[in-house]
Amino acid sequence: MITLHEEITVQRSLKDCFRYVSDFRTVAEWDATALNAIKCTPGPVGLGSRFVVHCAVGPTKVRLEYEIIEYCPWASIVLLGKSRFFDVRDVISFTEIGSQTQISYEAEFQYHWGISALERQLESGMRAMGAESLRGLKDALDNITSLPEVSDCTARADRWVAPGVAMFSKWGYRRSVPHRQPNSKFLDGQHVVISGANSGLGLATSIALAEAGADLTLIIRNPANREGLLETLESVTGRSDIAIEIADLSLMADVRAVSDRLLAKERPIDVLINNAGALFNDYGLTSEGLEQSFALLLASPTLLTQKLLPLLQNRSAPGRVINVVSGGMYTEKLVCERLIMTPPKYNGAQAYARAKRALTVLSELWAEQWREDGIVVNAMHPGWADTPGVASALPTFRSITRRILRTSEEGADTIIWLAKAREAGSVTGKLFLDREPRTPYLLTKTKESADQRAKLEAFIDTQIDSVLEA
Ligand SMILES: NC(=O)c1ccc[n+]([C@@H]2O[C@H](COP(=O)([O-])OP(=O)(O)OC[C@H]3O[C@@H](n4cnc5c(N)ncnc54)[C@H](OP(=O)(O)O)[C@@H]3O)[C@@H](O)[C@H]2O)c1
């Protein structure tokens, strides 16, 4: 048997340390050998929660199944890990020392087969690995992170276009994982508003941010989905304090009404996530008379954000606006007069891509306008994720690309990072994929003119006013 024992002291509260470490999915962010980790039991983390962790041990990949066998908030947890080659018992204790927390980590390894005969040879490597892991945990909890930059490899891929587009697949997500910085921040007491929260990326984001402690207001369209959504969130995260607002966001009157309700509550907003969206293959007008792609994908996030501005302003920490766009926008150039498509030329994918291009440009314009107000605005695109929206709007695309699509959680990862990460609060006006700033133009011919850029917001406002004043 080999027993490792390490201690670290970190600049974080006892509660934060306990929550971060006991959710053993985070092991992939700080352990020297862990490649990935998933939680395989439903509900909030607690006694009996199980995790599967894949570790690289020398040239071998080892699958470990962990279970929390003792759980004493905020004092200690004990985990039992089992693999083909060894079992490990982790005893992790937490002690508050002033504003800091001391973490004592003891790991007892019991080897199977004849491996125990090699213990002496393995011991020094194991001790080095244990020390490195605890250094990683200290960095994660001390929240030492830097602003992400475009890597040389990504810049090269984007210059060649096709490799850049290939990164929209799950391979792009997986490629980015080893380069990530830990994200140990919690959002206790922070108010996050998410549109389109009952499905796909919006649901994955809502779950992750509820787990991070945020106070959520979720805007959904269909009142019939309300109870099911609340039940899902409670069973997965244990949270029963989530606010739901009903609004058909393709209707400007509904956008105005939901904004007015939020303004009346006077609860400042720390993060606004404009996620609701759909691709309309067939041309259609909303009951207010606006073309539906333009209404939902562009006019709606514009009006919602403009109306909620007073709640995002004047905060001690920057208010964050996150606009969910799409890689599809890379094919289109902003021309305001072409944003509202009409038959017989209407094409759903093109109308969608044009609206997402415009929202990307708008994110840059808002970032500049609201810099002095301490609001950061970023756009992100999720790559290609297998969500109900893709299944219903793009069935052929889905059946061809199914094996390379991301999960909703993988697609939502950058939204969650932009909402949570300390470093994401100091960047504005960028487009992100996989937590990395990306070029908004893969093709130079899609770069808009200064004139089109300058008139974009007024163009959208005129369309909104025309239906609201009617
Ligand atoms: N999945 C991808 O590969 C991908 C790629 C690029 C961009 N995106 C973008 O990611 C965002 C989320 O999409 P998703 O893939 O997660 O699709 P999804 O599963 O269909 O989710 C879209 C959400 O938007 C809501 N929504 C649609 N129309 C609405 C309306 N009129 N009023 C209020 N809410 C409405 C939907 O509500 P209902 O359930 O009531 O319809 C749903 O909650 C969208 O902006 C989409 O354009 C996705």
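The values are calculated or read from the model by the stated rules, or taken from the named source; none is laboratory data. Keep in mind that this is a model prediction, so the values were computed, not measured. Because the Cβ atoms are built from the backbone with ideal geometry, glycine has one as well, and the counts that use them run over all protein chains shown.
Tabulated data
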read-out	value
Members of segment 283-313 found to be touching a Ser or Thr at 6+ places or on another chain (Cβ under 7 Å), in contact (Cβ under 8 Å) with a residue 60 or more places away in the chain and away from the ligand (no atom under 15 Å from the Cβ), listed by number	Leu308
Only one of Val53, Val10, Val21, Val27 that is over 30 Å from Gln121 (Cα atoms), surrounded by 20 or more Cβ atoms within 10 Å (Cβ to Cβ) and among the hydrophobic types (A, V, I, L, M, F, W, C)	Val10
Subset tally (residues that are within 12 Å of Asp434 (Cβ to Cβ) and either touching a residue at least 24 places away in the same chain (Cβ under 8 Å) or in contact with a Cys (Cβ under 9 Å, 6 or more places away or on another chain) (or both)) for segment 145-169	8
Close pairs from segment 87-116: first in contact (Cβ under 8 Å) with a residue 12 or more places away in the chain, partner charged (D, E, K, R) and outside any strand (DSSP E or B), Cβ under 6 Å, at least 6 apart	Thr101/Arg12
Residue in segment 148-171 that is of a type in the set (Val, Ile, Thr) and closer than 28 Å to Thr9 by Cβ present	no
Cβ-Cβ under 7 Å pairs, at least 6 apart or on other chains, segment 219-237 side closer than 22 Å to Val271 by Cβ and touching a residue at least 12 places away in the same chain (Cβ under 8 Å), far side hydroxyl-bearing (Ser, Thr, Tyr) and within 11 Å of the ligand (Cβ to nearest atom)	Ile219/Ser195; Leu233/Ser206
Residue check, Gly289 surrounded by fewer than 22 Cβ atoms within 10 Å (Cβ to Cβ) and assigned by TED's automatic domain parsing to the domain that holds Val390	yes
When residues of segment 246-269 are limited to those that are under 14 Å from Leu218 (Cβ atoms) and crowded, with 18+ Cβ neighbours inside 10 Å, the one farthest from the ligand (Cβ to nearest atom)	Ile269
Given (1) under 19 Å from Val177 (Cα atoms); (2) out of contact with any strand residue (DSSP E or B) (no Cβ under 9 Å at 6 or more places or on another chain), index of the condition His54 fails	(2)
Looking only at segment 157-202, and only at residues there that are within 30 Å of Ala56 (Cα to Cα) and among the small types (Gly, Ala, Ser), the one that is farthest from the chain's Cα centre (by Cα)	Ala157
Criterion (in contact with a strand residue (DSSP E or B) (Cβ under 9 Å, 6 or more places away or on another chain) and closer than 17 Å to Ala34 by Cβ) met by exactly one of Ile97, Ile115, Ile69, Ile77	Ile77
Segment 172-216, subset part of a loop (DSSP other than H, G, I, E, B) and within 16 Å of the ligand (Cβ to nearest atom), residue surrounded by the most Cβ atoms within 10 Å (Cβ to Cβ)	Ala197
